[in-house]
Amino acid sequence: MGIAEAFGRRRDGGLVEVGCLGGSGRTGTVLACMAVLAGVPPAEAVAWVRAAYRPEAVETAEQEAWVRWFAEWVEPIQAPLA
């Protein structure tokens with residue numbers, strides 16, 4: 001299941017579990033992408049996840065860059081939340 005699909009499932013009331021071995025790097029990256037889908041500005045998504053989830057979330061510069069890439073990629077298909 002992709003990030004946008006998982007976000008849509010959660011938005012529609014379904015349960016979604018996001019996790020990786022340590023729960024910080026990849027998990028934080030996916031959560032930051034979901035934050036973008038929820039309307040958090042891409043430049044603030046990583047900081048938002050670190051504040052709301054855990055301070056060490058999104059561990060590398062490459063993961064931060066991936067969140068920015070995701071925000072650019074998903075922008076045309078992003079739909080407002082109901």
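Quick look at the values:
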{"read-out": "Among (1) touching a residue at least 12 places away in the same chain (Cβ under 8 Å); (2) closer than 15 Å to GLU64 by Cα, the one test that VAL40 misses", "value": "(1)"}
{"read-out": "Hey, GLY19 farther than 10 Å from VAL67 by Cα, in contact with a Ser or Thr (Cβ under 6 Å, 6 or more places away or on another chain), assigned to a loop (DSSP other than H, G, I, E, B) and small (Gly, Ala, Ser) or not", "value": "yes"}
{"read-out": "Pairs where the first residue, in the range 51-65, is on the phi > 0 side of the Ramachandran plot and the second is polar (S, T, N, Q) and surrounded by 10 or more Cβ atoms within 10 Å (Cβ to Cβ), C-beta under 7 Å, 6+ apart", "value": "VAL58/THR29"}
{"read-out": "Members of the range 15-38 that are modelled with pLDDT of 90 or more and either hydroxyl-bearing (Ser, Thr, Tyr) or over 15 Å from GLN63 (Cα atoms) (or both)", "value": "THR27, THR29, LEU37, ALA38"}
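The values are calculated or read from the model by the stated rules, or taken from the named source; none is laboratory data. Model, not experiment: these values are computed from the prediction. Glycine gets a Cβ as well: all are built from the backbone with ideal geometry, and neighbour counts include every protein chain shown.
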